[in-house]
Amino acid sequence: MRVFVAGATGAVGRLLVPMLVEAGHQVTGTSRTAEGAERVRRQGAAAARVDVYDAGGLRRAVAAAAPDVVIHQLTDLSGADGAANGRLRREGTRNLVDAARAAGVRRIVAQSIAWVYAPGPAPADESAPLDVEAEPPRAGMVAAVRALEETAAELETAVVLRYGILYGPGTWYAPGGPVAAALSGDPAATFLGSLVADDSVSSFVHVADAARAAVAALEWPAGPVNVVDDEPAPGRAWLPVLAKALGAPEPEPVAGRLGWARGAVNGLARSRGWRPERPSWRSGFAERDAGV
């Protein structure tokens, strides 16, 4: 299969490209930089140096690759700028889908997130509605995710992977990353002020498991799929474990819960054959990702 990976050098993309190559696919991966493009080539794929906001350049790159499927792994998280990431979800996805349609592509696999569900008492499955009545600033994130998913669905077959919180190499949760800085009291990491050991529930997924889901999704039917590990958990459970793994001070537990912070379940993905190799953050946080 010919696969076009938009966002090939991101946290998921950099693991996904070699998995696709190893599976026998003909892969083209994008990067905005010469260094990123060279990294894609070293992984055995063709590289397209293009900016997703350059609609014409992106259209030419997709046409040249002539893919059977486009995989959308684009994010803009390096500056912790929610507005920039929202713009990418809206405008970047629009440009990518328009380029795919112009090239005759019928299938897309798109990265979404699993913490946009409306409030509820239990972890959400894919039938739960999105939190369209959220108040700002959450409302902006939900609207951008909704735009991403609806734009992707304009293609004949759109598989939307609603990832849990990504951890592992290249993520905010890696050793030495922004979360470690926030837990250690770095004032420059105040954007992560929501790291509270309360009863708000989160679901996680290791980046390698997220990448494996994207490979599997090449054959999945259309629709959203939660890609999360097996253990949704409250902050009072997972945050001390993460802090210990990162060598950071353990936060004191507090009362309270955000209604929308309910986590998600992975039954649909499991029914399609996907299994997380890191089934729980309990052991996954402690890994140092050697060989990943």
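The residue that is farthest from Ala102 (Cα to Cα), counting only those in region 1-21 that are in a helix (DSSP H, G or I) and without any contact (Cβ under 8 Å) to a residue 60 or more places away in the chain, is Pro18. Out of all the residues in region 110-118, is one or more among the aromatic types (Phe, Trp, Tyr), surrounded by 21 or more Cβ atoms within 10 Å (Cβ to Cβ) and in contact with a Ser or Thr (Cβ under 9 Å, 6 or more places away or on another chain)? Yes; the residues of region 110-118 include at least one that is among the aromatic types (Phe, Trp, Tyr), surrounded by 21 or more Cβ atoms within 10 Å (Cβ to Cβ) and in contact with a Ser or Thr (Cβ under 9 Å, 6 or more places away or on another chain).
Scanning region 22-43 for residues that are assigned to a loop (DSSP other than H, G, I, E, B) and polar (S, T, N, Q) returns Thr33, Gln43. Here the condition is being over 24 Å from Ala118 (Cα atoms) and modelled with pLDDT under 95; of Ala248, Ala211, Ala216, it holds for Ala248 alone. Ala248 fulfils the conditions (1) part of a helix (DSSP H, G or I); (2) touching a helix residue (DSSP H, G or I) at 6+ places or on another chain (Cβ under 7 Å) except for a single criterion, (1).
Selection of region 47-66 for residues being closer than 21 Å to Ala217 by Cα and under 23 Å from the mean Cα position of the chain (by Cα) yields only Val62. Screening region 134-233 for helices (runs of 4 or more DSSP H) wholly inside it with 3 or more residues that are over 15 Å from Gly284 (Cα atoms) and in contact with a Gly (Cβ under 7 Å, 6 or more places away or on another chain) returns the ranges 138-152. Can you give me the number of residues within region 80-117 that are under 16 Å from the mean Cα position of the chain (by Cα) and of a type outside the set (D, E, K, R)? Selection size over region 80-117: 18. Taking the condition of being in contact (Cβ under 8 Å) with a residue 24 or more places away in the chain and acidic (Asp, Glu), how many residues in region 62-104 meet it? Count: 3. Specify the residue that is farthest from Ala222 (Cα to Cα); the eligible residues are those in region 85-99 that are small (Gly, Ala, Ser) and touching a helix residue (DSSP H, G or I) at 6+ places or on another chain (Cβ under 6 Å). That would be Gly86. Just to be sure, is Val12 of a type in the set (A, V, I, L, M, F, W, C), more than 17 Å from the chain's Cα centre (by Cα), under 22 Å from Thr93 (Cβ atoms) and surrounded by 23 or more Cβ atoms within 10 Å (Cβ to Cβ)? Considered against the rule, which asks whether it is of a type in the set (A, V, I, L, M, F, W, C), more than 17 Å from the chain's Cα centre (by Cα), under 22 Å from Thr93 (Cβ atoms) and surrounded by 23 or more Cβ atoms within 10 Å (Cβ to Cβ), Val12 comes out as no.
Pairs please, first residue from region 269-285 and without any contact (Cβ under 8 Å) to a residue 60 or more places away in the chain and more than 14 Å from Ser203 (Cβ to Cβ), second anywhere and assigned to a helix (DSSP H, G or I) and basic (Lys, Arg), Cβ atoms under 9 Å, 6+ apart in sequence or on different chains. If the second residue must be assigned to a helix (DSSP H, G or I) and basic (Lys, Arg), the pairs left are Arg275/Arg212. The one condition from (1) under 28 Å from Ala245 (Cβ atoms); (2) surrounded by fewer than 17 Cβ atoms within 10 Å (Cβ to Cβ); (3) among the aliphatic types (A, V, I, L, M); (4) in contact with a helix residue (DSSP H, G or I) (Cβ under 9 Å, 6 or more places away or on another chain) that Ala122 does not meet is (4). A single member of Gly284, Gly235, Gly256 is small (Gly, Ala, Ser), farther than 25 Å from Arg106 by Cα, surrounded by 15 or more Cβ atoms within 10 Å (Cβ to Cβ) and in contact with a Ser or Thr (Cβ under 8 Å, 6 or more places away or on another chain), and it is Gly235. Residue check: Val62 meets all listed conditions (1) farther than 11 Å from Ala6 by Cα; (2) at pLDDT 95 or above but one, namely (1).
The values are calculated or read from the model by the stated rules, or taken from the named source; none is laboratory data. What you are looking at is a predicted structure, and each value in this text was computed from that prediction instead of being measured. Note: ideal-geometry Cβ built from the backbone for every residue, glycine included; neighbour counts use all protein chains shown.
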